[in-house]
1. Condition first: under 18 Å from ILE20 (Cα atoms), among the charged types (D, E, K, R) and either part of a strand (DSSP E or B) or without any contact (Cβ under 8 Å) to a residue 24 or more places away in the chain (or both). Can you find one or more residues in the stretch 100-117 that meet it?
2. Kindly indicate whether ARG135 is in contact (Cβ under 8 Å) with a residue 12 or more places away in the chain, in contact with a helix residue (DSSP H, G or I) (Cβ under 7 Å, 6 or more places away or on another chain) and under 21 Å from PRO29 (Cβ atoms).
3. Scan the stretch 78-92 and give yes if some residue there is among the charged types (D, E, K, R), on the phi < 0 side of the Ramachandran plot and buried (at least 17 other Cβ atoms within 10 Å of the Cβ), otherwise no.
4. Which condition number in (1) among the charged types (D, E, K, R); (2) surrounded by fewer than 13 Cβ atoms within 10 Å (Cβ to Cβ); (3) under 21 Å from VAL98 (Cα atoms); (4) free of Cβ contacts under 8 Å to residues at least 60 places away in the same chain is the one that ARG48 fails?
5. Which one is modelled with the lowest pLDDT among residues in the stretch 24-55 that are assigned to a loop (DSSP other than H, G, I, E, B) and touching a strand residue (DSSP E or B) at 6+ places or on another chain (Cβ under 6 Å)?
6. Taking into account only those residues within the stretch 70-96 that are among the hydroxyl-bearing types (Ser, Thr, Tyr), in contact (Cβ under 8 Å) with a residue 12 or more places away in the chain and out of contact with any Asp or Glu (no Cβ under 6 Å at 6 or more places or on another chain), which is nearest to ASP22 (Cα to Cα)?
7. Considering only the stretch 51-64, state which residues are loosely packed, with under 13 Cβ neighbours inside 10 Å and of a type outside the set (A, V, I, L, M).
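The values are calculated or read from the model by the stated rules, or taken from the named source; none is laboratory data. Just so we're clear, the structure is a prediction, and the values are computed from it rather than from any experiment. Neighbour counts run over all protein chains shown; Cβ positions are idealised from the backbone, glycine included.
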Amino acid sequence: MNIELKLTVEDLNARYAQAIDDDKLEAWPDFFIAQGRYRVTTAENFERGLPLGMIYATSRAMLRDRVRSLREANVYEAQRYRHVIGVPLLASAAGSAVRAQTSFIVARVMHSGETTLFATGCYHDHVVLDDGEARFAEKIVILDSRLIDTLLAIPL
């Protein structure tokens, strides 16, 4: 096992989650390469090999558009997240690229202060070095449950 790659994935996921949790969504697309893919799907769809997703983007530009629409067009109740992320399990590594799986739990904090367990699941990540920085070539967010009680507005 390559400890340096494991720590790289761990750090990337921690900074990724902190950007979301701190409402620094404009920084979120920068965690991906230019043609990076982001998909949120259910465990059921993933296991069946179905490409459908609750969120699906195939480039950093699409992610920037999503953030712009969150800030300017979408209407949703004020909320924020708090991620708890597990230790990444490296699935495979080739050179400076690695595939990893990392469990997560996301609590949703409403503007009223009410906090609920919002989502649990696993990240399936393909991480590469891009201009000397680790970035996601692909991040698949696999939700344990297909029940999301509100609009999935903020990325997971």
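1. yes
2. yes
3. no
4. Just one mismatch for ARG48, condition (3).
5. Selected residue: GLY53.
6. The selected residue is TYR76.
7. PRO51
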